[in-house]
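Here the structure is laid out as structure tokens; the discussion comes afterwards.
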Amino acid sequence: MKLGILAHTYGKLPVAELARKVAEEGFTSVQLALLKAIADIDCSPGKLSPGLANHIAEAFDREGVRIAVLGCYIDPVNPDEQLRRGEIRRFKEHLRLARDFGCGMVATETGSMLTYQDSHPDTYEEYGWKVLRETVSELAEEAEKWGTTLAIEPVAGHTLHSLDHMRRLMSEVPSSTIGLLFDACNLLNEDRLPMQEEMMLDAFENLGDRIVLAHAKDLDFGEGGFWAGGRQPRLDRPFGDGLLHKERLCSLLKQYKPHLDISIEGVTAADAKRSADELRRIYASV
């Protein structure tokens with residue numbers, strides 16, 4: 001198992017200190033969101049270059065840590081076209097330089113399903129889907145030029161909110177550069193929770209060839225906001241502390257995607273190592 005962590009779990013640190021901290025915690029890779037994780041280098045749009053990417057990658061490599069994926073979590077359905085175009089340009093910059101960081105993937109989510117509810121009350125979901133499709137099509141074209149992967153993460157409550165929507169997107173944007181970043185917790189709401197094992201099996205059996213990375217965390221449902229399908233989940237539980245069927249997930253990962261990069265997510269720095277240890281324990285036992 002290749003186990004990593006979201007680098008900004010440890011806050012925003014100088015790159016050498018961040019790499020050292022990740023290694024000391026026992027992780028061998030990171031999902032790196034430059035603007036969230038690195039304190040001593042200006043990684044704002046336009047400042048990146050192959051040399052800067054190499055410099056950052058070398059700092060992690062000295063600690064035995066690999067950059068598995070760049071996190072560039074834009075809102076691809078932002079209703080402000082100027083802001084959306086800026087985000088698209090930033091994502092394209094990441095796609096162009098991903099291999100200089102030593103990885104081949106850039107990850108994002110897809111924005112709220114309700115983005116256009118006020119402006120298009122009768123057709124908001126389909127209108128948001130149209131904007132998403134246009135954005136993804138443009139990003140996939142850029143990824144094809146550079147031989148990189150656009151890792152898209154479905155999330156219940158987002159524009160891309162189910163595995164069926166992932167299939168639809170890949171049908172409507174038929175690019176082999178589109179990969180699935182699989183986070184079982186992010187796909188669950190209260191309605192789907194009883195069918196979580198069927199959902200996980202569907203992902204690995206029918207979309208396994210497109211799974212490029214997995215996130216590992218846990219969830220429960222407390223008081224608070226609501227999504228379609230019930231209460232909004234709390235996605236800040238260390239692995240093993242919630243309602244996810246962990247043994248089934250680990251079994252499927254082991255069977256279908258051995259050596260897939262897995263990133264611990266949704267935990268504080270204090271809980272990261274405990275979460276990783278529990279994941280390793282369950283993975284070894286199934």
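Specify whether the C-alpha gyration tensor of segment 91-139 places it in the rounded, prolate or oblate class, a ≥ b ≥ c being the square roots of the eigenvalues: rounded for a/c under 1.5, otherwise prolate if a/b is larger than b/c and oblate if not. Prolate, because a/c is 1.5 or more and a/b exceeds b/c. Only helices enter this figure: runs of n ≥ 4 DSSP H residues, each worth -39500 (n - 2.57), summed and divided by the residues of the chain, yield -12500 deg cm²/dmol at 222 nm to the nearest 500. In units of the compact-protein estimate 2.2 N^0.38 Å, segment 1-84 shows a Cα radius of gyration of 1.16.
Tell me the net charge near ALA151. Cut-off is 12 Å between Cβ atoms, ALA151 excluded, with +1 for each Lys or Arg and -1 for each Asp or Glu. Computed value for this residue: -3.
When the Cα centres of segment 1-20 and segment 228-286 are compared, how far apart do they sit, in Å? Measuring centre to centre over Cα atoms gives 18 Å. For the pair SER162 and ASP209, label points projected 7 Å from Cα toward Cβ lie 2.4 nm apart. Counting 0.36 nm for each residue step from GLN117 to ALA269 and taking away their Cα separation leaves a gain of 51.1 nm.
Extension gain for the segment LYS2 to GLU17, taken as residue separation times 0.36 nm less the Cα-Cα distance, is 3.2 nm to one decimal.
Once you order the gyration tensor axes a ≥ b ≥ c over the Cα atoms, which shape class does segment 84-233 get: rounded for a/c under 1.5, otherwise prolate or oblate by comparing a/b with b/c?
oblate
Taking 0.36 nm per residue of sequence separation and removing the Cα-Cα distance, the LEU201/TRP146 pair yields an extension gain of 16.6 nm. Distance between the 7 Å Cα→Cβ label points at ARG192 and GLU138: 2.7 nm. Between the labelled values (i) 42, 22, 18; (ii) 27, 25, 17; (iii) 25, 23, 21, the entry that holds semi-axes √(5λ) of the Cα gyration tensor in Å as derived from this structure is (ii).
With both labels modelled 7 Å from their Cα along Cα-to-Cβ, the HIS245 to ARG280 distance reads 2.7 nm.
Quick one: grab the alpha carbon gyration tensor of segment 163-286, order the square roots of its eigenvalues as a ≥ b ≥ c, and give me rounded if a/c is under 1.5, else prolate or oblate depending on whether a/b is larger than b/c. Oblate.
Net charge near ASN54: determine it from the other residues with C-beta under 12 Å of the C-beta of ASN54, scoring Lys and Arg +1 and Asp and Glu -1.
With Lys, Arg at +1 and Asp, Glu at -1, the net is -2.
Just so you know, all these numbers are worked out from the coordinates, no wet-lab data involved. All figures in this text were calculated on a predicted structure; none of them were measured in a lab. Every residue, glycine as well, gets a Cβ built from its backbone with ideal geometry; the counts of neighbours run over all protein chains shown.
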